[in-house]
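Single-structure report; data block below.
The values are calculated or read from the model by the stated rules, or taken from the named source; none is laboratory data. Being a predicted model, the structure only gives us computed values, none of them experimental. Neighbour counts are summed over all protein chains in view; Cβ atoms, including those assigned to glycine, are modelled from backbone coordinates with ideal geometry. Protein only, heavy atoms only, side chains kept; ligands, DNA and RNA dropped before computing areas. Shrake-Rupley method; radii C 1.70, N 1.55, O 1.52, S 1.80 Å.
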Amino acid sequence: MTPDLFEFEEREQQQAWREQLCPGAVVLHGFAVQDEAAVFAALLGVTSEAPFRHLITPGGFRMSVAMLNCGAYGWVSDRNGYRYDAIDPESGKPWPRMPDVFLKLARDAAASGEFEGFEPDACLINRYEPGARLSLHQDKDERGLDAPIVSVSLGLPAVFLWGGLRREDKSVRVPLMHGDVMVWGGPARLRYHGVLPLKEGNHHLTGGYRINLTFRKAT
Ligand code: MD6
Ligand code: FE
């Protein structure tokens, strides 16, 4: 057996390996693969309670990524701006509750990323179809900027753009595959980031989509 093959097999067995992007940001490759069936079943539960929708930006553009929230608070955008709201503006009701398997995944990933005690109160669910993209932005609508963000990629792969603290800083490309989890906080919390247009494909769980779960402490 060659050393390379041996290493590969070890990785396959432990499923996850960590890639430190910079101080405060790590990709836990494959971290969510073990729980993929339970996570996907819980996702179907949430989507049976409330639909994905394409939000309108404050500037009046329809976002190509379809969104939905679960948990006590949800991230919403409309002509008035961005905010966290306990009520789904579409239904006038609270968002679906956050499934226990989501919460456990977020807590465990945060702890692996050296952020102990993460208690998210919001989970934004992003659904990408081919061509959908997210332009460079900062996540700064949360009160809890001390808390990290945990971001779970499911389904089709995507290229994540990982920038700096200023919009004009150079960004690097980070491929994100099914089951990869990013944990990101501290000195990296306000870095610019985005997602390149999704390529077509087929995934055994999500079909023609990429799903991203981002857990935050909104309040
Ligand atoms: C996405 N994610 O991966 C979009 N933001 O589909 C984000 O915008 C994001 O993954 C903050 C922290 C992690 C993220
Ligand atoms: Fe973001």
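Scanning the range 115-122 turns up at least one residue that is touching a residue at least 60 places away in the same chain (Cβ under 8 Å) and among the small types (Gly, Ala, Ser).
Put simply, of Pro130, Pro120 the only residue that is more than 10 Å from ligand 1 (Cβ to nearest atom) and under 15 Å from the mean Cα position of the chain (by Cα) is Pro120. Where strands (runs of 3 or more DSSP E) fall entirely within the range 159-219, those with at least 1 residues that are away from ligand 2 (no atom under 13 Å from the Cβ), open to solvent by 10 Å² or more (accessible area, probe 1.4 Å) and basic (Lys, Arg) are at 172-176. The residues of the range 130-187 that are farther than 14 Å from His29 by Cα and among the small types (Gly, Ala, Ser), listed by number, are Gly131, Ala132, Ser135, Gly144, Ala147, Gly163, Gly164, Ser171, Gly185, Gly186. Go through Arg107, Arg53 for me and flag whichever is surrounded by 18 or more Cβ atoms within 10 Å (Cβ to Cβ), at pLDDT 95 or above and among the basic types (Lys, Arg). That would be Arg107, the only listed residue that is surrounded by 18 or more Cβ atoms within 10 Å (Cβ to Cβ), at pLDDT 95 or above and among the basic types (Lys, Arg).
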